[in-house]
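Dumping the structure here so I can ask a few things about it.
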Protein chains: 2
Amino acid sequence: MKVKKATPWDPEAAPTFWINHASRLLMRHFEQRLRPLDFGMAYLPVVGALEEHGPQLQKQLAEHAHVEQPTMAALLTRMERDGLITREPHPGDKRASQISISEKARDRLPQAREQLAEVAAQATAGFSDRERATLLALLRRVVENLDPSIED
Amino acid sequence: MKVKKATPWDPEAAPTFWINHASRLLMRHFEQRLRPLDFGMAYLPVVGALEEHGPQLQKQLAEHAHVEQPTMAALLTRMERDGLITREPHPGDKRASQISISEKARDRLPQAREQLAEVAAQATAGFSDRERATLLALLRRVVENLDPSIED
DNA sequence: GCAATATAGATAGCATGCTATGAAAGTCAA
DNA sequence: TTGACTTTCATAGCATGCTATCTATATTGC
């Protein structure tokens, strides 16, 4: 005979909700620390890419950050408003814009990264190096399992 | 002497970005599968709590789902629009509302859970039971490290 | 009883993200 | 060259989530 309901299906048993919860907590911590710098969490991959590879197209930045094009467009609008990037007409392709990093962004990038590192450290406080590596590896596999694009 | 730049600080090395990326991918898969049911990913913990514990206050639902009160207010508005819950004046406290699950929601909950399970399975495809458990345990620890409320 | 405080929701404003769609400009084949 | 296709971006509309702040109603301590 069946037990009536031991626990009528626990959504908390799936890693999906924990991934989501962790993501939201990370966002909150980040945004709080980055606000004084006029940075947002989403800005970091963009500023990083621009610093490392020089001016780029919106398309390239979207691919780098793994977000859709309209998401990147809105993100760049906010970053422009915050004085972290500039958009100039692309020479040779009137459809496109060249996105460049500003001095302000270049100056503040190290501090933003410092905040990132601190939050990351807090998130994995009490983890051994091995556990950190394991978490990263498992998450990579989750992403591979879900990402429509095979590239990584 | 220093190497010029081995890799000028890689944000992808931190689990934080992978958690975020995985979370977004999960959302996309979910929303796509739940849309035909008039469900959203965020609805599930709410409908689940209402089914299991009966009518509740907004406050209780927010705590259960680990979201802030205004987030739950907006969520309930959408759920009400989609015919999944009803809000009635609370007898005995004129400030509060009683949130109740609708028949439609009760009917569709199993199907929504089925979709959830399938996405979860896809996310951890190729994982051993042990790896699944490890991922869950590490994520729990991340959440504990970041959650201001000690409870869990 | 009543003023001070606490609690339940509502609202405004914003950040991130998505899909769907349109417009402009480049490319290429006939 | 020119019509069809591709590519790059913009816009609209929406879901989730947050903080800050306001209102209305309870509760509590004198």
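Going by Cα centres, the stretch B:37-94 and the stretch A:40-105 are how many Å apart?
The stretch B:37-94 and the stretch A:40-105 have Cα centres separated by 39 Å.
Residue by residue through the stretch A:24-31, what is 3J(HN,Hα) from phi via Karplus (6.51 cos²θ - 1.76 cosθ + 1.60, θ = phi - 60°)? Round to whole Hz and write x for glycine and proline.
5, 5, 4, 4, 4, 4, 4, 4
Additional query: Non-local amide H neighbours of B:Ile85 (under 5 Å, H modeled in plane, Pro and chain starts lacking H): which ones?
B:Glu80, B:Ser102
I've got another one for you. For the stretch A:18-127, which trypsin sites (Lys or Arg not before Pro) are both in a DSSP coil and crowded by at most 12 other Cβ atoms within 10 Å? Let's see the in-between values first.
On the way: sites: A:Arg24, A:Arg28, A:Arg33, A:Lys59, A:Arg78, A:Arg81, A:Arg87, A:Lys94, A:Arg95, A:Lys104, A:Arg106, A:Arg108, A:Arg113; in loops: A:Lys94, A:Arg95.
Loop-located and lightly packed - A:Lys94, A:Arg95.
Name the chain B residue with the Cβ nearest the axis that maps B onto A: which is it, and what is the distance in angstrom?
Of all Cβ atoms in chain B, the one nearest the axis gives B:Ser23, 2.
Hey, another quick one. Quick one: with label points 7 Å out along Cα→Cβ, list the inter-copy distances for B:Glu88 in nm, shortest first?
Those separations, rounded to one decimal, come out as 6.6 nm.
Here's another thing I want to ask about it. Long-range amide H contacts for B:Ala96: which residues qualify at under 5 Å (H placed 1.01 Å from N, peptide plane, sequence gap of 5 or more or a different chain)?
Excluding prolines and chain starts, which carry no amide H, the hits are B:His90.
Something else now. Interface size between chain B and chain A, please: total buried accessible area, 1.4 Å probe, rounded to the nearest 100 Å².
For B against A, buried area totals roughly 5600 Å².
Work out from phi, with θ = phi - 60° and the Karplus expression 6.51 cos²θ - 1.76 cosθ + 1.60, the ³J(HN,Hα) of each residue of the stretch B:133-138, listed in order in whole Hz, and give x for Gly and Pro.
5, 5, 4, 4, 5, 5
List the GluC sites (Glu not before Pro) in the stretch B:47-152 that DSSP assigns to loop (not H, G, I, E or B) and whose Cβ has at most 13 other Cβ atoms within 10 Å. Which are they? If you can, show how the numbers build up before the last one.
Details: sites: B:Glu51, B:Glu52, B:Glu63, B:Glu68, B:Glu80, B:Glu103, B:Glu114, B:Glu118, B:Glu131, B:Glu144, B:Glu151; in loops: B:Glu68, B:Glu151.
Here the sparse-neighbourhood loop sites are B:Glu68, B:Glu151.
A further question on this structure: Let me know the mean shielding of A:116-125 by other chains, meaning the per-residue number of their Cβ atoms within 10 Å of its Cβ.
Mean number of neighbouring Cβ atoms from other chains: 5.
Can you list residues whose amide H is under 5 Å from B:Gln56's amide H, if they're 5+ apart or on another chain and H is modeled 1.01 Å from N?
Here the answer is B:Ile99, since their amide H atoms fall under 5 Å of that of B:Gln56.
In addition: In whole percent, what relative contact order does chain A give with Cα contacts below 8 Å and a gap of six or more residues?
Computed over chain A, the figure is 20 percent.
Expressed as a whole percentage, what fraction of the accessible surface of chain B belongs to carbon and sulfur atoms when a 1.4 Å probe is rolled over the protein heavy atoms? Mind showing how you got there, number by number?
Numbers: 4420 of 8420 Å².
On chain B, the fraction of accessible area on carbon and sulfur atoms equals 53 percent.
Once the label point is set 7 Å along the Cα-to-beta-carbon vector, what list of distances in nm do you get between B:Ala73 and its counterparts in the other copies?
Inter-copy label distances (nm, one decimal, shortest first): 3.2.
What are the distances, in nm and sorted shortest first, from the label point of A:Gln122 to the label points of the same position in each other copy, with each label point placed 7 Å from Cα along the Cα-to-Cβ direction?
In ascending order, 3.4 nm.
The values are calculated or read from the model by the stated rules, or taken from the named source; none is laboratory data. Since we're looking at a predicted model, the values are computed, not measured. All Cβ positions, glycine included, derive from the backbone under ideal geometry; neighbour counts span all protein chains shown. Ligands, DNA and RNA are excluded from the accessible area calculation, which covers all protein heavy atoms including side chains. Shrake-Rupley method; radii C 1.70, N 1.55, O 1.52, S 1.80 Å.
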